[in-house]
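To keep things clear, I will list the structure first and then write my remarks on it.
The values are calculated or read from the model by the stated rules, or taken from the named source; none is laboratory data. Keep in mind the model is a prediction, meaning the values are calculated, not measured. Heads up, the Cβs are rebuilt from the backbone with ideal geometry, glycines too, and the neighbour counts pull from every protein chain shown. The protein model used for the area step is the full one, side chains on, heavy atoms only, and it has no ligands, DNA or RNA in it. Shrake-Rupley method; radii C 1.70, N 1.55, O 1.52, S 1.80 Å.
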Amino acid sequence: MRTLLFDIDGTLLTAHGGGRRAMLRTLREEFGLEDPEMVGSFHGRTDMGLMAQMLEMNGLEPTEQRRRRFRVGYAERFPGELQRSGGEVFVGVAELLKALAPARSCRLASMTGNLPETATRKLEHFHLRHYIQWIVGGDLDAQRNDLASRTLDTIRRRHGDDACRDVVVIGDTVADIVCARHIGASVVAVCTGGETYEELSAAGPDAIWHDFSDHQGVADCLLGDL
Ligand SMILES: [Mg+2]
């Protein structure tokens, strides 16, 4: 059975900056920084990597205690910011997941740079959580390739060695494509996250879509030969 690993931000949905604002508030309110330095682009990054980098950028050593405080503070503030920003599910996504969910030849899971708790919150907010069997999030790995390796371990543990031979990553960044190759997975790219068709094409995905509006075509692609 094939495992489809969906990225979340930029692939399935956008929180319209809710995550960034929750991190900014956490830096202000938990660490007393009036005008904190922020990482410019969150694309393709893990939350653990982002939080450690932002602590360092603001002159704070990213000790385990500070990282835990950042994580807890961020997860507390995120739901309110998501409510405020609204966010949106991209065109065709709900239909795509609905079409794939009953297929006996695949299972749906998520590999995301989000913390597992905020990933769950986002998917629940947009009524997508029930399609996704399990989530591996970016709470333990600063690098996406390490996240992918840990996800492959999860596949092996949950579904056995054979399952590791048929994995497809679906993502919106070059980092998604690179980490898929790192674990020997196929990869389908989508241009809804800000990186361009040209940028993503150059990284050599097996297939690339401008968006998921042709949800049946995308479903056929994800279940077909890649
Ligand atoms: Mg993404």
Which number in (1) more than 9 Å from the ligand (Cβ to nearest atom); (2) modelled with pLDDT of 95 or more marks the one condition that ILE8 misses?
(1)
Looking for something touching a residue at least 60 places away in the same chain (Cβ under 8 Å) and out of contact with any Lys or Arg (no Cβ under 7 Å at 6 or more places or on another chain) - is there at least one such residue anywhere in the stretch 59-72?
yes
Under 7 Å by Cβ, and 6 or more places apart or on different chains, what pairs join a residue from the stretch 190-217 that is over 18 Å from ARG45 (Cβ atoms) and in the same structural domain as ALA99 (by TED's automatic domain parsing) with one that is of a type in the set (Ser, Thr, Tyr) and away from the ligand (no atom under 16 Å from the Cβ)?
ASP206/SER186; ILE208/SER201
Across the stretch 142-171, which residue is nearest to the ligand (Cβ to nearest atom) among those that are touching an Asp or Glu at 6+ places or on another chain (Cβ under 7 Å) and over 28 Å from PRO62 (Cα atoms)?
GLY171
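Counting only residues that are under 27 Å from ASP176 (Cβ atoms) and not small (Gly, Ala, Ser), how many does the stretch 28-67 have? Don't jump to the end; show me each part of the working.
Of all residues in the stretch 28-67, those under 27 Å from ASP176 (Cβ atoms) come to 37-57, 62, 67.
Imposing the further condition that a residue be not small (Gly, Ala, Ser) reduces the set to 37-39, 42-43, 45-48, 50-51, 53-57, 62, 67.
Going through the stretch 28-67 one residue at a time, the tally reaches 18.
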Determine, yes or no, whether SER186 is within 16 Å of GLY113 (Cα to Cα), away from the ligand (no atom under 13 Å from the Cβ) and of a type in the set (Ser, Thr, Tyr).
no
In the stretch 106-122, how many are out of contact with any Ser or Thr (no Cβ under 8 Å at 6 or more places or on another chain), assigned to a helix (DSSP H, G or I) and either free of Cβ contacts under 8 Å to residues at least 12 places away in the same chain or surrounded by 22 or more Cβ atoms within 10 Å (Cβ to Cβ) (or both)?
2
Given the conditions (1) aliphatic (A, V, I, L, M); (2) assigned to a loop (DSSP other than H, G, I, E, B); (3) closer than 18 Å to ALA103 by Cα; (4) within 16 Å of the chain's Cα centre (by Cα), every one holds for VAL169 apart from (2)
Condition check: within 22 Å of LEU147 (Cβ to Cβ) and in the same structural domain as ASP211 (by TED's automatic domain parsing). Does PHE78 satisfy that?
no
Can you confirm whether THR46 is in the same structural domain as ALA148 (by TED's automatic domain parsing), within 14 Å of the ligand (Cβ to nearest atom) and either open to solvent by less than 10 Å² (accessible area, probe 1.4 Å) or under 20 Å from PRO116 (Cβ atoms) (or both)?
no
Run GLY138 past the list (1) within 14 Å of the ligand (Cβ to nearest atom); (2) closer than 17 Å to CYS106 by Cβ and report the number of the one that doesn't hold.
(2)
Given the structure, is THR63 touching a helix residue (DSSP H, G or I) at 6+ places or on another chain (Cβ under 9 Å) and away from the ligand (no atom under 16 Å from the Cβ)?
yes
